[in-house]
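Peer 1: Before I ask anything, here is the structure I am working with.
The values are calculated or read from the model by the stated rules, or taken from the named source; none is laboratory data. Just so it is clear, the structure is predicted and the values come from calculations on it, not from any experiment. Every residue, glycine among them, receives a Cβ derived from its backbone with ideal geometry; neighbour counts consider all protein chains shown. Each accessible area value is taken on the protein alone, full model and side chains, heavy atoms only, with ligands, DNA and RNA left out. Shrake-Rupley method; radii C 1.70, N 1.55, O 1.52, S 1.80 Å.
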Amino acid sequence: MQNRIEKIVKLLDDKKAENIEVVDMQGKEYLAKFVIIATTLTGRHAYALLDDLKTELKPDGEEFLGVESSDDWTVIDLGDIMIHLMSETYRVKYNIEEFLKELKK
């Protein structure tokens, strides 16, 4: 699991995603064990990151169970890992890090 997370974080970092955060939700009542949140530069950047993730992770057997995508927020469901690629505006507006921290209590 840790290797998968490290690979995702490295890929996002290499492709210029910003403020990458990994939230451990193991043992909590949440739909994934880990949540990775990253800020995108533009809508096109978010789509490019999604394509890069698919290109790099699918050969390793990673299953993309669901993807919801817009210019401001892309959610990628890998089953036990959820990835949120968000514009800076949406990241501030929705502050899902705070929401997840509240769930962890």
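Peer 1: Given that just one value was derived from the coordinates, which of (1) 15, 48, 30, 7, 0; (2) 14, 21, 18, 17, 14, 11, 4, 1, 0; (3) 15, 52, 30, 3 is P(r) over Cα pairs in 10 Å bins from 0, in percent?
Peer 2: (3)
Peer 1: Just for the chain, what percent of DSSP beta bridges are antiparallel, to the closest 5? List each step's numbers first, then the result.
Peer 2: Details: 14 of 21 bridges.
Looking only at bridges with both residues in the chain, the antiparallel portion is about 65 percent.
Peer 1: For Ser69, Ser87, give me the order by solvent-accessible area with a 1.4 Å probe, most accessible first, ignoring ligands, DNA and RNA. Don't skip to the answer; put the middle values down first.
Peer 2: Working: Ser69 55, Ser87 15 Å².
Correct descending sequence by accessible area is Ser69, Ser87.
Peer 1: Tally Lys and Arg at +1 and Asp and Glu at -1 over the other residues with C-beta under 11 Å from the C-beta of Asn19: what net charge comes out?
Peer 2: Value of the local net charge: -4.
Peer 1: Normalised by the number of residues in the chain, what is the relative contact order in percent for Cα pairs under 8 Å and 6+ residues apart?
Peer 2: Numbers: 156 pairs, mean separation 26.8, N = 105.
Averaging sequence separation for qualifying contacts and normalising by length gives 26 percent for the chain.
Peer 1: Would you kindly find the accessible area of His84, with a 1.4 Å probe and non-protein molecules such as ligands, DNA and RNA excluded, rounding to the nearest 10 Å²?
Peer 2: Around 20 Å² of this residue is reachable by solvent.
Peer 1: If I take every Cα pair under 8 Å that is 6 or more residues apart in the stretch 10-50, average their sequence separation and divide by the length, what percent do I get for the relative contact order?
Peer 2: Numbers: 43 pairs, mean separation 15.7, N = 41.
Once normalised by length, the contact order is 38 percent.
Peer 1: Would you tally the net charge around Ile81, using a Cβ to Cβ cut-off of less than 12 Å, leaving Ile81 out, and scoring K and R as +1, D and E as -1?
Peer 2: -3
Peer 1: A follow-up question, please. Between their Cα atoms, which of Lys7/Lys58; Lys58/Lys101; Lys7/Lys28; Lys7/Lys54; Lys10/Lys54 are more than 19 Å away from each other?
Peer 2: On the way: Lys7/Lys58 12 Å; Lys58/Lys101 30 Å; Lys7/Lys28 24 Å; Lys7/Lys54 12 Å; Lys10/Lys54 14 Å.
In this structure, Lys58/Lys101; Lys7/Lys28 lie more than 19 Å apart at Cα.
Peer 1: Around Ser69, what is the net charge, scoring Lys/Arg as +1 and Asp/Glu as -1 over all other residues with Cβ under 15 Å from its Cβ?
Peer 2: Numbers: positive: Arg44, Lys54; negative: Asp51, Asp52, Glu68, Asp71, Asp72, Asp77.
Neighbour charge sum, excluding Ser69 itself: -4.
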